[in-house]
1. Using the alpha-carbon atoms, what tilt in degrees (0 to 90, nearest 10) does helix 166-183 show relative to the longest principal axis of the chain?
2. Grab the DSSP H runs of the chain that are 4 residues or longer, score each as -39,500 (n - 2.57), total them, divide by all residues and round the 222 nm result to the nearest 500 deg cm²/dmol.
3. Could you give the angle, 0 to 90 degrees to the nearest 10, between helix 107-120's Cα long axis and the longest principal axis of the Cα atoms of the chain?
4. Whole angstrom only: what separates the Cα centroid of segment 76-95 from the Cα centroid of segment 298-363?
5. When only Cα pairs under 8 Å and 6 or more residues apart are kept, what is the percent relative contact order across segment 173-244?
6. Just report the Cα centroid separation between segment 171-220 and segment 96-151, whole Å.
7. Arrange the peptides 29-42, 314-327 so that the one whose residues have, on average, the most other Cβ atoms within 10 Å appears first.
8. Can you order the peptides 6-17, 213-224 by their average number of other Cβ atoms within 10 Å per residue, highest first?
Ligand SMILES: Nc1ncnc2c1ncn2[C@@H]1O[C@H](COP(=O)(O)OP(=O)(O)OP(=O)(O)O)[C@@H](O)[C@H]1O
Ligand SMILES: [Mg+2]
């Protein structure tokens, strides 16, 4: 296995720069996940590591060797795509061994690698079937098998599970996590799926518009986001952002803020940065951090629009004032709010986040 290092990596198509200077270290054996909105450059960055796209500027090393101009086949990587395109006329065994045959490897060696991969992926019983006789999840496992047999230093995955239905996705997610442990593999993985990112990653890279917004362990990003973008991107349902204004400074690095929609809802929060009375800020509260009425440091009133009952938990979609929508997660049995009800919830300073007018986290 090998580490991957990106140093000020850039990519332009003509005059359009789509990757704007990315620095990233992926340690040997680490599982790194790229997330970010559509078009932010996740696939482009992955394809640059793979050698499927030229690197316009910066340096890429894999296992300590500069790879900028090395042929994809010589980088020690294997890539698995969203569309896994198996050869329909070949059996599972032939599909898995194809790249090795193409490279002229000895038959015995191919057979032993293919059999070993089949065992890991639990494909043993399906080796003589053609792809059309496989389920979506089984096909995806064959595609992963094709990558495993090449014994790459680094696995690159671009949304490998997004063509699968929800149940299969969960199943394959667990398979990939197991595979990572079993092979002790270095993996760089792109996904849109928040849960996939949170559950698989050792380290998540949140991208936006060709730059890296924040890198960190999943829970570190959830607990301690640097800005509103990361705060809103990590966590599902997403964090509520409540416009507020600073109404007072308290001794010892604290400020008191009042919600714009609910001036009576006031919260005193720690704030090392200098904020002045009158400054516009945003209070961030995750849906799961609203408390039952009467608890917490302050109370907020909202009007219920819709309640979604999920069994163990419920999501209350409400508004503070028209246009300011919030989501409150509650234990299912706690509250039976209905359309039009006025409800109160508690907010605690400890679990609230504060952002300045530019969206930067105020700590
Ligand atoms: N060949 C190309 N020529 C010009 N622009 C391109 C080319 N390929 C990609 N882009 C642009 O580069 C940006 C990044 O694209 P990329 O495919 O990396 O996004 P992504 O984060 O993978 O998005 P998605 O989540 O939709 O897959 C996009 O704005 C895209 O339009
Ligand atoms: Mg993509």
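Just so you know, all these numbers are worked out from the coordinates, no wet-lab data involved. This structure is a prediction, so every number in the text was calculated from the model and none was measured. Methodologically, a virtual Cβ is constructed for each residue, glycine included, from the backbone with ideal geometry; neighbour enumeration extends over all protein chains shown.
1. Roughly 60 degrees, rounded to the nearest 10.
2. On the way: 8 runs with 84 residues, N = 363.
-7000 deg cm²/dmol, from helical runs alone.
3. In the chain, helix 107-120 runs at an angle near 30 degrees to the longest axis.
4. 46 Å
5. On the way: 58 pairs, mean separation 13.5, N = 72.
Dividing the mean separation by the residue count of segment 173-244 yields 19 percent.
6. Spelled out, the Cα-based centre of one part sits 24 Å from the other.
7. Values: 29-42: 19.5, 314-327: 16.5.
Result, highest mean first: 29-42, 314-327.
8. On the way: 6-17: 13.9, 213-224: 17.0.
Sorting 6-17, 213-224 by mean packing, highest first, produces 213-224, 6-17.
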